[in-house]
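The structure appears below as C-alpha cells.
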C-alpha cells in the first residue's frame, strides 16, 4: 500500500466534477479531505497509475498532481486528522 | 404612518407576483401555474364572451387546479422531498465531504476544531551536531 496526495485545480465552473470526487473517495474507501483541493488516500496504485485513472474525469485545462507521501510530515491539524495519517501504511 | 404600504407599493407588489422569477422547485412551479390559472379564470369572467364559454373556461381552470392539487397530494404523501427538490437541494446533496472516511465533518466544523501539531508520528528530534 502507498499513501497518495491528490491535488487539483478545476477550472471549468460549469462542469460537474462529482465523478472525480467519487473516483478519489471510492478508490479504496480510505480518504482524508481536510483541505479544499487536496485529498490523501491509501492506494495500491502508484502515483502515475492513479493520476492516469483520474484523467477521464478532468479536462485539459485543469491541473492535477498526485504525489506519493513518505512517513515524514508535520503541520497543524485536528487530532482526528493526525490519527488518520499516523495509522496509514506508507 | 410608519410601515404602512403606499398605494404604489401595493401595486408594484401585486405586479411582482407576475414577474418572471425563476422557478426552482416543482412546488413553486405548481404555485406559479395555479396563480396563472386563477388570473386567467378571473379575467375570463369579465371578458366579452358568451356565458357558456365563461363557464367552460372556469370549469377547465378549476379542473386543472384540482389535478395539480391531486398531483401534489400524491407526491406529498409518498415523496414530499421531491416537491421542494431544486438546485439548492441538489448542491447540498452533492456537497463535498470533509474529514476522513472514519468521520465526515462539515468545513465549518473542521474550522471550529482546535488544531495541534502531530505528536505521534515523528520520532523525537535528534540532536544535530555542527560539523567542526
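If you go through region A:58-83 one residue at a time, how many are under 14 Å from residue A:2 (Cα atoms) and within 14 Å of chain B (Cβ to nearest Cβ)?
Number satisfying all stated conditions: 4.
Among the candidates A:77, A:64, single out the residue that is closer than 15 Å to residue B:99 by Cα and surrounded by 15 or more Cβ atoms within 10 Å (Cβ to Cβ). Spell out how you get there, then give the answer.
Details: A:64 fails: closer than 15 Å to residue B:99 by Cα.
Sole residue among the options that is closer than 15 Å to residue B:99 by Cα and surrounded by 15 or more Cβ atoms within 10 Å (Cβ to Cβ): A:77.
Of the conditions (1) surrounded by fewer than 18 Cβ atoms within 10 Å (Cβ to Cβ); (2) in contact with a helix residue (DSSP H, G or I) (Cβ under 8 Å, 6 or more places away or on another chain); (3) within 14 Å of another protein chain (Cβ to nearest Cβ), residue A:14 clears all except one; give me its number.
The single condition residue A:14 does not satisfy is (2).
Search region A:57-78 for residues that are farther than 22 Å from residue A:25 by Cα and pair each with any residue that is not in a loop (DSSP other than H, G, I, E, B) when their beta-carbon atoms are under 6 Å apart and the residues are at least 6 apart or on different chains.
A:76/B:115
Can you find, within region A:29-57, the residue that is nearest to residue B:113 (Cα to Cα) among those that are surrounded by fewer than 18 Cβ atoms within 10 Å (Cβ to Cβ) and within 9 Å of chain B (Cβ to nearest Cβ)?
A:35
Computed from the coordinates by the stated procedures, all read-outs in this text should not be read as laboratory data. Given the structure is predicted, the values throughout are model-derived calculations rather than measurements. No Cβ is skipped: glycine too gets one built from the backbone with ideal geometry, and neighbour counts run over all protein chains shown.
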